[in-house]
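Note sheet for the following structure.
The values are calculated or read from the model by the stated rules, or taken from the named source; none is laboratory data. Computed from a predicted model, the values in this text were never measured in an experiment. Here the Cβ positions follow ideal geometry from the backbone for every residue, glycine too, while neighbour counts run over all protein chains shown. Side chains are part of the model used for accessible areas, which takes the heavy atoms of the whole protein and leaves out ligands, DNA and RNA. Shrake-Rupley method; radii C 1.70, N 1.55, O 1.52, S 1.80 Å.
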Amino acid sequence: MVHGGAGALDNVKDDKTAVRYLESIRRILEHGREVMELGGSALQAVEACASLLEDDPVFNAGCGSVLNENGKVEMDAAIMDGRDLSAGAVAAIDNIANPIQLARLVMTESEHVMLIAEGAMRFADHCGMERAPENYFYTPDRVEQLKQARLKNKIMLDHDDTEEDSEDQKYGTIGAIALDPMGNLAAATSTGGIVNKRMGRVGDSPIVGSGVYADNETCAVSATGYGEDFMRTVISKTISDFIYMKEMNADAATRAGIEYLTRKVKGRGGVIVIDHNGNCASGFTTKKMIHGWIEHGGEAVVRF
Ligand code: ASP
């Protein structure tokens, strides 16, 4: 399963941009399945899918990342392996084309789970990861979006649905989760965060248990929405706990998680979930969430 962010995107059928999202999601799902058909693990599949989503400027991750209060890109990403709960995360980084790949290196090549800012960038250099130039990230759309956020004096989701003109807002943050034929679950989430955020603000996406979680005994989860709401409810681990402690399936656990998110903090956003039996589920409190899934032998299904 993959998602391209929760929020609003109305009039889908008439919107060329929506078709663009749809095609991108479908192509990436097919690629993820191919990775596993060729013997790749769930972890390899989610890294590959997240990287492709980061490479597509319509999404709020990698090259399409939104801008912070200073007009700068600061990205967060995390990856988790359900086999042994190993995880890697980076936060407040810039000039890296694929933050998810740096997160994977933190997991496999360092003794830590999370590296941030300058320390993460030094680690990237140490690993020989190339730095992408500034102009790789600054799309005219993002500059305009920051201008609008500054005018309204607000901090907002890439695809905020709280404004009257929400139809014009676009989807954003990305995530990928997978179950491979060996029964291994993995999850990846990557984002530019929220528009006009304070410098140094870190959201839920790189926080294990909030924006991302994977445990072979329960499920894989990737979240999108207002990170602060997800951090306070530790939403991804909460959904995993519903499966672990209450023996729920993906669908019931997702509904229970969304109910908890709403009741406790009026949380705005959504999640995608695959449980250890391969059941797929999604839930969101925003108007929409672009997401899709593909199974062995089936067609890709994309939902707005
Ligand atoms: N969850 C992300 C954050 O708060 C934003 C998003 O999902 O669009 O950084």
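Observations, loosely collected:
- Which listed residue is out of contact with any Lys or Arg (no Cβ under 9 Å at 6 or more places or on another chain), under 15 Å from PHE137 (Cα atoms) and surrounded by 24 or more Cβ atoms within 10 Å (Cβ to Cβ), from ILE100, ILE28, ILE93: ILE93
- Scanning the range 187-206 for residues that are within 10 Å of the ligand (Cβ to nearest atom), open to solvent by 20 Å² or more (accessible area, probe 1.4 Å) and either of a type in the set (A, V, I, L, M) or touching a helix residue (DSSP H, G or I) at 6+ places or on another chain (Cβ under 7 Å) (or both) turns up just one, VAL202.
- Some residue of the range 195-206 being closer than 18 Å to ALA281 by Cβ and either modelled with pLDDT of 95 or more or outside any loop (DSSP other than H, G, I, E, B) (or both): no
- Entry remark, the range 58-71: residues being within 15 Å of the ligand (Cβ to nearest atom), open to solvent by 10 Å² or more (accessible area, probe 1.4 Å) and not hydrophobic (A, V, I, L, M, F, W, C) number 1 in total.
- Of the helices (runs of 4 or more DSSP H) that lie entirely inside the range 31-131, those containing 2 or more residues that are within 22 Å of ILE272 (Cα to Cα), of a type in the set (S, T, N, Q) and modelled with pLDDT of 95 or more span 42-55.
- Matching residues in the range 242-253 - criterion: being touching a residue at least 12 places away in the same chain (Cβ under 8 Å) and not β-branched (Val, Ile, Thr): PHE242, TYR244, ASN249, ALA250, ASP251, ALA253
- Top-ranked residue of the range 222-246 - restricted to ones that are near the ligand (Cβ under 10 Å from one of its atoms) and of a type outside the set (Gly, Ala, Ser), ranked as surrounded by the fewest Cβ atoms within 10 Å (Cβ to Cβ): GLU228
- Scan of the range 212-232 for residues that are over 17 Å from the mean Cα position of the chain (by Cα) and closer than 23 Å to LYS288 by Cα, ordered by number: ARG232
- Filter result (open to solvent by 30 Å² or more (accessible area, probe 1.4 Å) and of a type in the set (A, V, I, L, M, F, W, C)) within the range 280-293: CYS280, PHE284, TRP293
- With respect to the conditions (1) under 22 Å from HIS3 (Cβ atoms); (2) within 14 Å of the ligand (Cβ to nearest atom), GLN44 falls short on a single one, namely (2).
- Residues in the range 132-145 that are part of a helix (DSSP H, G or I) and at pLDDT below 85: PRO140, ASP141, ARG142, VAL143, GLU144, GLN145.
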